[in-house]
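Okay, structure first, notes after.
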Amino acid sequence: MKLSIEQQAAVNCIGNAYITACPGSGKTRALTARIAKNVQELKHRNNKVLAVTFTNRAANEIKSRLEENYTIESGRIWAGTIHSFALEWIIKPYASYSPPLNAGYSIADEFETRKILNKLKADKGLRVFDEINTTFNRQGVVENSDRRAKEVEQEYRHILKSRKKIDFDQSLYFAFQLMELIPEIAHTLSNIFSNICIDEVQDTQDLQYAILAKIFNESFHKPTLFIVGDGNQAIYGGIGGKSLSLAELNAEFIGSNINYFTFSDNYRSTQRLVDYFSVFRGVQGGLSKAEHKNNQGIISFFNQAVDKDQLAEAIAELIKGELNNGSSENDICVIAPQWAPIRSMTKKLIALLPNVRFDAPALSPFHGQHDNFWLIVSKLALTEPSGRLLSVRVRWANEILNHLSDVYHHTSELTAKKLLKVINSFQSETRIGTEYLKECFEFMLDELDLDLVSDVALKEQFDLFFEKATSNIENNNGQYEDSVVALKSFFKESTGIVVNSCHGVKGEEYKTVIAFGLLKGFIPHWSDIINQPAYVGQNAESKMLYVIASRAKEKLYLFAEYGRRTQGGNPYETSNLLNAYSYQYD
DNA sequence: TGGAATAGAGTTTTT
DNA sequence: CTCTATTCCA
């Protein structure tokens, strides 16, 4: 992969590196190059490179870029979210030493935790949207200034404990606790991982820094650090994401003496776009220069000019125009700050443009079940063994094998190849999606000599999987369709116009970006406005707008649509910053 | 009846 | 927090 001089300097830097740079300057490109370089330079057979980020989407981005640009033996690198790292490398192997975990545990998913919290809030006379903090800091303290919020949090922990469940926050805290209790964990990890790479570091939480720093600080042979981020894109502050300065990183990773780099060139967008979105940038970083000299392209803002009921038609027209002008479906992305309007938009767009393909993850009836064993199996069941999916399917098959051996303690000589062969040979007449999957799972269990009667955990996952999917299908006014064709279309090679949340497309780029819902209360969210000093809302707002506008390479269409109403019936207004930004729009 | 005090509306992103 | 509507009281 070709690197600029700035990027090469960072990638080839001896020692530790911290890079902050503007969007589109090739931070992730440099990171993947560094990972590949690190892998080549690994000294011992058992050494690995660790690459962590905050979201699954960002982790998958790293994996795909590595797969596309380099040939790396899969065992030489571990890439994923910090949560999954803590689970796989600390909690699972050492759970028996942890007092809260040694009696057994499983992970509570979002459905369960939200249900418990909502019930407790109602009992205490709090409203569903009153905020309850559940994140631990490194002292193990969960800060809630409100008395009732604190009580809710404590009772919530009791309920989880009685069910032998841990939530996402506890998975991090117990991992950190274990590392404090047993220094050998950090020693072992630092012996395995000779390099630690962190992408999108501005979204990392306090406890996550603490875990990574512990590995570094306790090690005898210091791993090298390669840390990449952009404080101006820190849009996870609301859930504890924290951007650190170079000095703070140096203090965290003791004696790391990190070299600082920044990239000044933008390889993504036209100069006109770079100038446009630079206005939303905070204090960090200088002006960036676009490599593309052309000032063509479009920046449009439909400020209260389109009614929300005509919005889908307007966006469909834009899409049609783009496609007629030679853009491909993969060049276009439609984003909004919240999922609810995205779902209805997706549905309308699909109806309006029946021949256009969309990549819209929100339509899966399985969302919220990432960790379910059967979700991975259904990915295989619903995809064809061809094209780019070939290598991805092998990855999924290996995940299934890992689950079977680690979580369910099956010791068989099953290989990924055999598993794929079994699932590929499954055939069924049914057109009903969930029925098709059920048949396929039973076929697979049968072929592999497994059965649900003797395996309680696998059975529990099996039941939950269908229970939640069915509930999604039944309760959402037909948004989710239970047909084999619909389910297959969800997992098929992700091509088509991306429809996603602003958070979801962070780190990605598109020739044409169409953003809607740019309204005060969405951008920034009410919780950044209510009971907050004005600067909190302004910061949150400029970061979100910065992320949104900087996704675009050539064309940016912005909508602050008219006609959306709050629960009380008041109209939503254009987001403050956009309203105040005087710009010569097309 | 005018000015001050109080109440109410506005509710997401991710693991 | 900010904006608006309502209530309170002299």
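Summary of values
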{"item": "Candidates A:496, A:517, A:521 - the one that is surrounded by fewer than 22 Cβ atoms within 10 Å (Cβ to Cβ), within 23 Å of the chain's Cα centre (by Cα) and either without any contact (Cβ under 8 Å) to a residue 60 or more places away in the chain or within 16 Å of DNA strand B (Cβ to nearest atom) (or both)", "result": "A:521"}
{"item": "Residues satisfying the stated conditions in region A:446-459, i.e. closer than 13 Å to residue A:419 by Cβ and either in contact with a strand residue (DSSP E or B) (Cβ under 6 Å, 6 or more places away or on another chain) or surrounded by 13 or more Cβ atoms within 10 Å (Cβ to Cβ) (or both)", "result": "A:447, A:448, A:450"}
{"item": "Residue ranges of strands (runs of 3 or more DSSP E) in region A:1-100 with at least 3 members among the aromatic types (Phe, Trp, Tyr) and either at pLDDT below 95 or farther than 26 Å from residue A:290 by Cα (or both)", "result": "none"}
{"item": "Meets criteria (modelled with pLDDT of 95 or more, within 16 Å of DNA strand B (Cβ to nearest atom) and of a type outside the set (Gly, Ala, Ser)) for residue A:201", "result": "yes"}
{"item": "Subset of region A:225-242 [surrounded by fewer than 21 Cβ atoms within 10 Å (Cβ to Cβ) and under 18 Å from residue A:17 (Cβ atoms)]", "result": "A:231"}
{"item": "Check on residue A:401, closer than 22 Å to residue A:80 by Cβ, modelled with pLDDT of 85 or more, part of a helix (DSSP H, G or I) and in contact with a Lys or Arg (Cβ under 8 Å, 6 or more places away or on another chain)", "result": "no"}
{"item": "Output for region A:500-514, where each listed residue is hydrophobic (A, V, I, L, M, F, W, C) and either assigned by TED's automatic domain parsing to the domain that holds residue A:203 or within 15 Å of the chain's Cα centre (by Cα) (or both)", "result": "A:502, A:505"}
{"item": "Subset of region A:413-430 [assigned to a loop (DSSP other than H, G, I, E, B) and crowded, with 16+ Cβ neighbours inside 10 Å]", "result": "A:414, A:426"}
{"item": "Qualifying residue in region A:432-441 (condition: at pLDDT below 85, closer than 24 Å to residue A:390 by Cα and out of contact with any Cys (no Cβ under 7 Å at 6 or more places or on another chain))", "result": "no"}
{"item": "Residues within region A:431-445 that are surrounded by 14 or more Cβ atoms within 10 Å (Cβ to Cβ) and not in a helix (DSSP H, G or I), tallied", "result": "1"}
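The values are calculated or read from the model by the stated rules, or taken from the named source; none is laboratory data. Since this is a predicted model, take the numbers as computed values, not measurements. Here Cβ is always computed from backbone atoms with ideal geometry, including for glycine, and neighbour counts include all displayed protein chains.
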